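Take a look at the structure set out below.
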Amino acid sequence: MRQTLQRLGLFNGAPEVGFDALCSLSASVLGTDGAALTIFDFETDKLSVKSVVGLNGFTDANRVYEIGTSLGKYAISRPGAWGISDTREHALAQDIIDAGQDVPQAYLGARVYLPERQPIGVLSVASSTPRHWTEQDKAMLSKVADCVSNEIRRVCEADAARRLRIEQRDLSYALSHDLRAPSNTLRMILQEFEAHRDQLPEDLLMFLDQGQISLDRMGAQVAKVLDYSRIIARPREREAIDLNIVCAAAMVDLRTQIVNAQADIEIEDLPTVEGDFEQLRVVFENLLSNAIKFRRPDVPVRVRVTRQDMPDARRHCIQISDNGLGIPVEFQKKVFELFVRLHLHEDYPGSGLGLTLCRQLVESHYGILGLTSDGATGSEFSIWLPMRSE
C-alpha cells in the first residue's frame, strides 16, 4: 500500500493545490486555527501530513509521524466526524500527551477514502482553545472530507490513465516488434524471388507483386501503430497554444498533398487555448488531410476552418468543413473506432487510426470532437475546446 500511496504522491509527497485549498476551506468555514490532511499507512504504522494550514507547532507538512502519536488514529476508526472539545480533559488525548506529543485543545476529524471506499486518511480541524463541536460543525467537515475523497479519486484516475497509456505504448511496441520479425523474413524471401523474376511464370509474378504490395502496407500499418502509441503516451505539456500556429504547422506537413489536390483551404483567425502543441497539430493535420483525401472526382477541393466562441459555455468551437465524399449517417459513429475504414485501401490509403487518435487527443484536452455530414456533399468536424482562464 505504501508504494501505491507514494506513487500517487499522497504519502510523503509534494504539496498539491487542490488539497491545500480544501484544508484552507475547512479552517475557514469552521472558524478554526488550522486544518490538516493526514494519510495513513497501516502497514508501517506511519502517517504523512499531506497538507496543513495553520497549526504551527502541532504538525508540519511533509512530515511522517507514528500513527500512535496522532488523534487521527481515533477519527479514522469511526464513521462520520469525531472530535474532542477539550483535550485537557479527555482520556484518549491524555495518552498522546503522555507520549510527549503536543496536541491542540480542540480537535475534529473526518475520514477520507480511496475510490474503493477504503479509509486512507483524516481531514481535521483544530483550535488552540476548547470548543464545543456542534452537529452542524461535524456535518460541514464531513462534506469537505467528501470533497477531499473526490480529489483523491481524481488523483487515482489520473494515475490509472497514465499507467494505461504506458501499457498501451509498451504493448504496441511489443506487437510491432513481433510483426516486424516475420515480415522481414518474408521480405527477404520475396527479394530472393525478385532476383530471379525473369525465370518465373506469369501467374507467379502476379502473386509476387501482390505480396510486395501487402508487405509494404503492413509495414506502413506497423509504423502507424507505433506513431499512435507514441503520441498517446506522450506526457501532457500544457501551455498557451495559438491554433493559428498549429494550423500553419499542419499545412506545412501537408504541402505536397495540398498541391497535388489543388486544394483551396481557407482558415479564419483561430483562438489560443491551453494544450499540447504536438498533440493538437496531429489533430488538425489528420482532419485537414482527410478533408483533402476523401474528395469527389472532378469537384475542386474546398476546405474551410472556422470558429465560434461560446462564452456562456466557456468553449471555442473550431469547425473543419469540406465538400468531399461525406460520411453516411449510419457510419458516423463507427469512423471513430480503431481501424475502421469506409473505403478500399487501394482507393484511399490509410491506417484507420487517424480519427480514433483525434478523438482521444481532443478528449485529453477536455474537449469534444463531433461530426455532421449529409453523406454525399461533404463533412464538418467540430472541435470544442475549453476557453483559457484569464
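The values are calculated or read from the model by the stated rules, or taken from the named source; none is laboratory data. Not measured: the values here are computed from a predicted model. Glycine also receives a Cβ, built like all others from the backbone with ideal geometry; neighbour counts cover every protein chain displayed.
Observations on the model:
- For the stretch 73-91, a residue qualifies if it is buried (at least 20 other Cβ atoms within 10 Å of the Cβ) and of a type in the set (A, V, I, L, M, F, W, C), and the qualifying residues are 75, 76, 81, 82, 84.
- Test for residue 326: is it under 15 Å from residue 365 (Cβ atoms) and of a type outside the set (Ser, Thr, Tyr): no
- If the condition is being of a type in the set (D, E, K, R) and either closer than 17 Å to residue 29 by Cβ or under 26 Å from the mean Cα position of the chain (by Cα) (or both), then the stretch 92-151 contributes 116, 117, 131, 135, 137, 138, 143, 146, 151.
- The residues listed here are 348, 366; of these, the one that is touching a Lys or Arg at 6+ places or on another chain (Cβ under 7 Å), more than 20 Å from residue 269 (Cα to Cα) and modelled with pLDDT under 90 is 348.
- Any hit, the stretch 374-382, residues being in contact with a strand residue (DSSP E or B) (Cβ under 9 Å, 6 or more places away or on another chain), of a type in the set (A, V, I, L, M) and modelled with pLDDT under 90: no
Condition check ((1) in contact with a strand residue (DSSP E or B) (Cβ under 6 Å, 6 or more places away or on another chain); (2) in a helix (DSSP H, G or I); (3) within 19 Å of residue 375 (Cβ to Cβ)) across all residues:
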position	(1), (2), (3)
241	yes, no, no
250	no, yes, no
273	yes, no, no
290	no, yes, yes
296	no, no, yes
309	yes, no, no
335	no, yes, yes
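- Filtered residues of the stretch 67-110 (kept if more than 19 Å from residue 52 (Cβ to Cβ) and assigned to a loop (DSSP other than H, G, I, E, B)): 77, 78, 79, 80, 85, 86, 90, 99, 100
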